[in-house]
Amino acid sequence: MAVPVVASSTFAAGGERGYGRYGNPTWDAFEQAVGSLDGGTCVSFASGMAAVSAAVTALLSGQPADLGVVVPTDGYHAAVDLIERLGRPVRSVSMADTEAVVAALPGAGLLWVESPTNPLLEVADVGALAEAAQRHGVPVAVDATAATPLRLRPLDHGADVVVHAATKYLAGHSDLLMGAVCTRCGELAERLRSHRTTHGAIPGAFESWLALRGLRTLPVRLDRAEETASELARRLASHRSVSRVRYPGMGALVSIEVPGGAAGAEAVVAATNLWVPATSFGGVESLLERRRRWPTERPAVPESLIRLSVGLEDVDDLWADLDAALEAGAPTRA
Ligand SMILES: *Cc1c(COP(=O)(O)O)cnc(C)c1O
C-alpha cells in the first residue's frame, strides 16, 4: 500500500532509470497524485521557490527581454523578489481587480497570479484573467498554495501552469520543504523537467515520501481546518480588539488587523499560549505571525496585520487563547 522511499543516487545500467537527478520512483508517485488533483502533469521540486523559479523561467524562455511581468501587489514576497531580479519591467496590480490586471497586460510576457494572495487573502477571477491573457498572448501562472487543488484548479480555468509550495497544505505537517508545478502542455512539462535536471532543484526521496503521506489526509485536514477558520473569522469580526478580518470564505488562513499598529500586533502575538508564533502555514498546529516583522514583506501589507494559520486543534481552545491574547495585547477599537 505504501510506496517505498527509493534512496538511490544511481541505477544499474540498462534499466528504465539512469542517474538520480533525472528521476526517482518516489517523486513519480508524489507527482502522479498531485497531477491527478490538478488535472495535469506534475513536476516536483526541492521547495516552493524552486517551483516558482522553474515556472517563471519556463514561461519566459524565448520571450523578448523587453516584455514585462505582471505580479500581485501583495504577492508572496520571495516570488515577487525573484521576478524583480530578472531585470524585466515589473508591474504590480491587485489580482482582485480584474480590470486593472487586464489593463496591465499589453507589453507583458507573463501574468503571475496568486489566489488567494498571501497574506492579504485577495481572490482573483482566474477564468477572466486567463481569458484576457490568452487574447493578449500572455502566458499565465497561478500560485494556488493557499487554496490547494481541492479549492482551486487553475488549469480548469485556462491557466498555463499552477504552482504549489507543497511545504504548506499538500505535505501538511511542517516537516519538509517541497514544490510542484502542474501543466496540461507536454512541451512545457518537458521544459520544467529539463530546468529541474539542469539546475539540480530536485526533491529528496524521503521528502517526497513524507509529502505523499501528508497528501493522503489533505481533504480531511483541510475540511476540518477550514471549518475552524471560518468559525474563528466569524467570532473575530465582532471582537473589540480587532479592526479588520480578512477571510476569503475558503481555506484555513485568516488575516486580522488590530488597533495599536505594529506594537499592538506584536503584543497579541507574544501573549498566546496555544497558537505558536512562527512563520509559514498549512501544518496541523496553529501558527500566527505579524507579517511585517519581515523587512522583505510587501509594503501593501499593513503593519498591524497578523496572519493566522489555523490547524487542527479544538476550535474553542483556539478561540479562548486568541481571545485572551487580544484582550491582553491590543488596545480596543476607538
Ligand atoms: C511558502 C510559499 C512559497 C514558497 O515555498 P517554499 O517551500 O518556502 O520555498 C511560494 N508561494 C507561496 C504562496 C507560499 O506561501
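Computed values, structure above
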quantity: Positions within segment 106-150 being closer than 20 Å to A58 by Cα and among the hydroxyl-bearing types (S, T, Y), in sequence order; calculated: T145
quantity: Yes/no for R213 being assigned to a helix (DSSP H, G or I), under 18 Å from A252 (Cβ atoms) and not aromatic (F, W, Y); calculated: no
quantity: Evaluation of E187 against (1) closer than 30 Å to A7 by Cβ; (2) without any contact (Cβ under 8 Å) to a residue 12 or more places away in the chain; (3) of a type outside the set (S, T, N, Q) (one fails), failing number; calculated: (1)
quantity: Only listed residue being within 30 Å of D175 (Cβ to Cβ), over 14 Å from the mean Cα position of the chain (by Cα), within 15 Å of the ligand (Cβ to nearest atom) and open to solvent by 30 Å² or more (accessible area, probe 1.4 Å), chosen from A46, A54; calculated: A46
quantity: First in segment 72-89 and within 12 Å of the ligand (Cβ to nearest atom) and at pLDDT below 95, second anywhere and among the basic types (K, R) and open to solvent by 10 Å² or more (accessible area, probe 1.4 Å), Cβ under 6 Å, 6 or more apart; calculated: D74/R298; H77/R298
quantity: Selection count where residues are assigned to a loop (DSSP other than H, G, I, E, B) and either open to solvent by 50 Å² or more (accessible area, probe 1.4 Å) or within 13 Å of the ligand (Cβ to nearest atom) (or both), scope segment 302-327; calculated: 3
quantity: Segments classed as strands (runs of 3 or more DSSP E), wholly inside segment 108-204, with at least 2 members that are within 16 Å of the ligand (Cβ to nearest atom) and in contact with a Phe, Trp or Tyr (Cβ under 8 Å, 6 or more places away or on another chain); calculated: 140-143, 179-183
quantity: Candidate set from segment 59-71 (those that are touching a helix residue (DSSP H, G or I) at 6+ places or on another chain (Cβ under 9 Å) and away from the ligand (no atom under 16 Å from the Cβ)); member that is farthest from L121 (Cα to Cα); calculated: S61
quantity: Which numbered condition V242 misses (of (1) assigned to a loop (DSSP other than H, G, I, E, B); (2) touching a residue at least 60 places away in the same chain (Cβ under 8 Å); (3) among the aliphatic types (A, V, I, L, M); (4) closer than 25 Å to A54 by Cβ); calculated: (4)
quantity: Members of segment 80-119 found to be in contact with a Lys or Arg (Cβ under 6 Å, 6 or more places away or on another chain) and farther than 19 Å from S255 by Cα, listed by number; calculated: A104
quantity: Any hit, segment 97-108, residues being modelled with pLDDT of 95 or more, open to solvent by 60 Å² or more (accessible area, probe 1.4 Å) and of a type in the set (G, A, S); calculated: yes
quantity: Filtered residues of segment 197-239 (kept if within 17 Å of A50 (Cα to Cα) and open to solvent by 10 Å² or more (accessible area, probe 1.4 Å)); calculated: T197, T198, H199, G200, A201, I202, G204, A205, E207
quantity: Segment 6-24: number of residues that are open to solvent by 60 Å² or more (accessible area, probe 1.4 Å) and at negative phi; calculated: 9
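The values are calculated or read from the model by the stated rules, or taken from the named source; none is laboratory data. Fair warning: this is a prediction, and the values are worked out from it, not measured in the lab. Cβ coordinates were reconstructed from backbone atoms using ideal geometry, including for glycine residues, and neighbour counts include every protein chain displayed. Side chains are part of the model used for accessible areas, which takes the heavy atoms of the whole protein and leaves out ligands, DNA and RNA. Shrake-Rupley method; radii C 1.70, N 1.55, O 1.52, S 1.80 Å.
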